[in-house]
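No value in this document is a laboratory result; all are computed from the given coordinates. Predicted, not measured: the structure shown is a model, and the values here were computed from it. Every residue, glycine as well, gets a Cβ built from its backbone with ideal geometry; the counts of neighbours run over all protein chains shown.
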């Protein structure tokens, strides 16, 4: 990773997390599906770090189920992580505008994610951000490998560096 060249989501996320003291990470996806598990996997990696100002919620395919727990945590910012077909290299992480109809979320959740995000923002008073993770759509039977795995790990490192720098 060239430290002088930010990943596409890095600048936006740093700006959005400014003045945040409590951050919630919401992992979304179906752990049984290689196309849909990346949000859950990345959230799990962040959870292992045990960052003091970050709480991870593993929502699976029902992100609306964690709204009560989010409310109790009182986050300043909620970051949703979900698989999204953005037409970019597998393992890429990008900021996704929920209204962007060009991006197809891969997850199979019941309520549309933009509806859940709006509810969470209104209910908790927190800012919300959606980060899409490009799955490898050419490998339906397994997880990332090769360049996709390397890129995903570099993106996870960039994301965790940002989370560590908050506060």
Could you tell me the calculated FRET efficiency between residue 138 and residue 69, based on Cβ-Cβ distance and R0 = 45 angstrom, to the nearest 0.05?
0.80
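Once fully extended, how much extra length lies between residue 49 and residue 95, figured as 0.36 nm per residue of separation less the alpha-carbon to alpha-carbon distance?
Value of the extension gain: 14.3 nm.
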Label points 7 Å out from Cα along the Cβ direction at residue 18 and residue 121: separation in nm?
1.8 nm
per DSSP, antiparallel bridges as share of beta bridges in the stretch 10-165, % nearest 5, sits at 25 percent
Hey, what did the stretch 1-83 get for relative contact order, percent, Cα under 8 Å, at least 6 apart?
40 percent
